Amino acid sequence: MTLIAIVTVSDRASRGDYEDLGGPAIERWLRRVVATPCAFIRRIVPDGLESVRDVLVELCDRSGVDLILTTGGTGPSPRDLTPEAMQQVITKELLGFGELMRQASLEHVRTAILSRQTAGVRGRSLIINLPGKPASIDACLNAVFPAVPYCLELIGADPIVADPAMFE
């Protein structure tokens with residue numbers, strides 16, 4: 001069974017001051033598109049290098065997660081450090097993911113150029129940094145997810161099958 005983790009990166013959501021909208025949006029999207037039986041792990045962590053880095057290492061190395069989708073922490077504010085934390089844990093960066101996600105987001109959000117989404121690999125885990133806004137999350141996943149099953153295959157992760165009708 002494919003194991004997927006959804007990590008919300010937000011100071012306010014981690015304190016309970018703000019309802020997490022990004023994590024549930026990702027899970028709804030995946031349940032619509034993924035045909036493979038899978039289990040979900042959900043985490044909410046505060047912004048910052050250590051909190052994000054530590055949860056990514058735990059999910060990759062100890063929990064054996066195949067796919068990790070983060071939401072939030074990709075903007076230019078001082079506390080937005082999700083891409084920097086990911087850089088500390090990955091062995092390979094997949095720059096094309098970020099390029100395509102920004103392009104797709106610009107069709108919906110004019111300020112998407114400020115986003116620093118990216119993706120990378122650690123061991124048998126694919127990590128994708130998504131924006132925090134649900135509309136942008138959908139646009140980004142629609143753009144990059146067709147490449148996810150093949151990427152998981154290449155890195156030796158458990159396979160995932162997406163409904164091809166979702167990408168026609």
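A residue that is polar (S, T, N, Q), on the phi < 0 side of the Ramachandran plot and without any contact (Cβ under 8 Å) to a residue 40 or more places away in the chain occurs somewhere in segment 7-21.
The set of residues from segment 83-93 being under 19 Å from PHE145 (Cβ atoms) and touching a helix residue (DSSP H, G or I) at 6+ places or on another chain (Cβ under 7 Å) comprises just one member, MET86. For segment 1-46, filtered to residues that are farther than 22 Å from LEU152 by Cα and among the hydroxyl-bearing types (Ser, Thr, Tyr), the residue that is modelled with the lowest pLDDT is TYR18. Filtering segment 1-51 to residues that are part of a loop (DSSP other than H, G, I, E, B), closer than 16 Å to GLY75 by Cβ and out of contact with any helix residue (DSSP H, G or I) (no Cβ under 7 Å at 6 or more places or on another chain) leaves SER10, GLY48.
Looking only at segment 121-136, residues that are buried (at least 24 other Cβ atoms within 10 Å of the Cβ) and either more than 13 Å from VAL7 (Cβ to Cβ) or not polar (S, T, N, Q) (or both) come to 7 in all.
Of the residues making up segment 60-85, those that are free of Cβ contacts under 8 Å to residues at least 60 places away in the same chain and farther than 25 Å from MET1 by Cβ number 10.
Does ASP47 satisfy being free of Cβ contacts under 8 Å to residues at least 40 places away in the same chain, acidic (Asp, Glu), surrounded by 21 or more Cβ atoms within 10 Å (Cβ to Cβ) and closer than 17 Å to ASN129 by Cα? Criteria met by ASP47. Within the option set ARG53, ARG31, being crowded, with 16+ Cβ neighbours inside 10 Å and either more than 13 Å from the chain's Cα centre (by Cα) or farther than 14 Å from THR70 by Cβ (or both) holds for one residue only, ARG53.
Here the condition is being small (Gly, Ala, Ser), free of Cβ contacts under 8 Å to residues at least 24 places away in the same chain and over 21 Å from VAL55 (Cβ atoms); of ALA135, ALA147, ALA165, it holds for ALA165 alone.
The values are calculated or read from the model by the stated rules, or taken from the named source; none is laboratory data. On a predicted model such as this, the values are computed, not experimentally measured, just so you know. Virtual Cβ from ideal backbone geometry, glycine too; neighbours counted across all protein chains shown.
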